[in-house]
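The values are calculated or read from the model by the stated rules, or taken from the named source; none is laboratory data. Because the structure is predicted, anything quoted here is derived from the model rather than measured. In this analysis, Cβ positions are derived from the backbone assuming ideal geometry, glycine residues included, and neighbour counts consider all displayed protein chains. All accessible areas refer to the heavy atoms of the entire protein, side chains included, with ligands and DNA or RNA removed. Shrake-Rupley method; radii C 1.70, N 1.55, O 1.52, S 1.80 Å.
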Amino acid sequence: MLVEERLMSRNIIISKGAELLRIPVDALMYVSSEGNYSNIVTLDGRSRLVTFQLGQIEDAIAEKLGDDGMFLIRLGRSLIINTEFIYLIDISSQKLVLSDCRGSYHELTASKEVLTKLKAYVESLEKVSDVQ
């Protein structure tokens, strides 16, 4: 029973009306804002448009995962990303690439300010050597 509870706690459930979406946290790549909707993209490349605003998705993540969800962060007004999948941050071209290095690859755009903060955040988590 404990294993089942633990596995269930690693999912984000989005339920509205007659529809329920269950997303394994480790398969969530990013969520993007689409006006009053959110587009949820998973590791297998599937995307699902849901009738929740990005802030509501962010609240659901915080409520479900608490501090365990710190690897899912909001970037500006339009993105929530899984930092475990950050492959490339290119501030000059305003490009963020999320990849599992096994076939899942997503190029996103973000402001230079957001990417600069994200780069500093990732560097603070990892010991990064500046190769020149």
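Applying the set (1) modelled with pLDDT of 90 or more; (2) open to solvent by 30 Å² or more (accessible area, probe 1.4 Å); (3) in contact with a Lys or Arg (Cβ under 9 Å, 6 or more places away or on another chain) to D68 leaves exactly one unmet item: (1).
Scanning segment 31-52 for residues that are open to solvent by 30 Å² or more (accessible area, probe 1.4 Å), in contact with a helix residue (DSSP H, G or I) (Cβ under 8 Å, 6 or more places away or on another chain) and part of a strand (DSSP E or B) yields one hit, S33.
So that you can scan it fast, the table gives a plain yes or no per residue for (1) in contact with a Lys or Arg (Cβ under 9 Å, 6 or more places away or on another chain); (2) of a type in the set (A, V, I, L, M):
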| residue | (1), (2) |
| --- | --- |
| A18 | no, yes |
| G35 | no, no |
| N39 | yes, no |
| L79 | no, yes |
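Residues in segment 95-116 that are of a type outside the set (G, A, S), more than 22 Å from D44 (Cβ to Cβ) and surrounded by 14 or more Cβ atoms within 10 Å (Cβ to Cβ): K95, V114, L115.
Here the condition is being without any contact (Cβ under 8 Å) to a residue 40 or more places away in the chain and either among the charged types (D, E, K, R) or open to solvent by 50 Å² or more (accessible area, probe 1.4 Å) (or both); of R10, R77, it holds for R10 alone.
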